[in-house]
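Input: a single structure, listed below in structure tokens.
Computed from the coordinates by the stated procedures, all read-outs in this text should not be read as laboratory data. What you see is a predicted model; the values in this text were computed from it and never measured. All Cβ positions, glycine included, derive from the backbone under ideal geometry; neighbour counts span all protein chains shown.
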Amino acid sequence: MIRLVTTDLSEATEGREAGDALVTFVACAHAMLDPGTPEDRLRRLEPRLLAQLPTLRALGVFELFDIKDPALAAMLADENLNM
């Protein structure tokens, strides 16, 4: 079982990739949705955000949560078509 949060420190590394993927995705998405984010930073963030998709899909994140921002949702839908 993959855990995003654990209280058992003996298993602190188990599921870490899942937690890291979720944190990275959310941080990149927030920055990409910020109108003040410079274009050059947006170009660096997009591949990092997209790289998290396989892990997040495997966790079923997108079966539980919807992306509300139309531009971000369209980018993810386009990425799904290109898989």
Q: Enumerate the calculated ³J(HN,Hα) couplings along segment 16-21 in order (Karplus 6.51 cos²θ - 1.76 cosθ + 1.60, θ = phi - 60°), each rounded to whole Hz, writing x wherever the residue is Gly or Pro.
A: 4, 4, 5, x, 4, 5
Q: For a quick protection proxy, order the peptides 37-44, 70-77 by their average other-Cβ count within 10 Å, most packed first.
A: 70-77, 37-44
**Q.** ³J(HN,Hα), Karplus 6.51/-1.76/1.60, whole Hz, each residue of segment 41-48, x for Gly, Pro
**A.** 5, 4, 5, 7, 6, 4, x, 5
Q. Once phi is turned into ³J(HN,Hα) by the Karplus curve 6.51 cos²θ - 1.76 cosθ + 1.60 with θ = phi - 60°, what whole-Hz value does each residue of segment 65-78 show in order, with x for glycine and proline?
A. 10, 9, 8, 7, 6, x, 5, 5, 4, 5, 4, 5, 5, 4
Q) Under 15 Å from a point 7 Å along the Cα-to-Cβ line of Asp34: which residues of segment 46-83 have their amide N that close? A) 46
Q | Inter-site label distance for Glu79 and Arg48 at 7 Å from Cα along Cβ, in nm | A | 1.3
Q.
Positive end of the dipole of segment 9-81, charges at C-beta (+1 Lys, Arg; -1 Asp, Glu), about the Cα centre: which of Ala77, Leu53, Leu42 has its Cα farthest in that direction?
A. Leu42
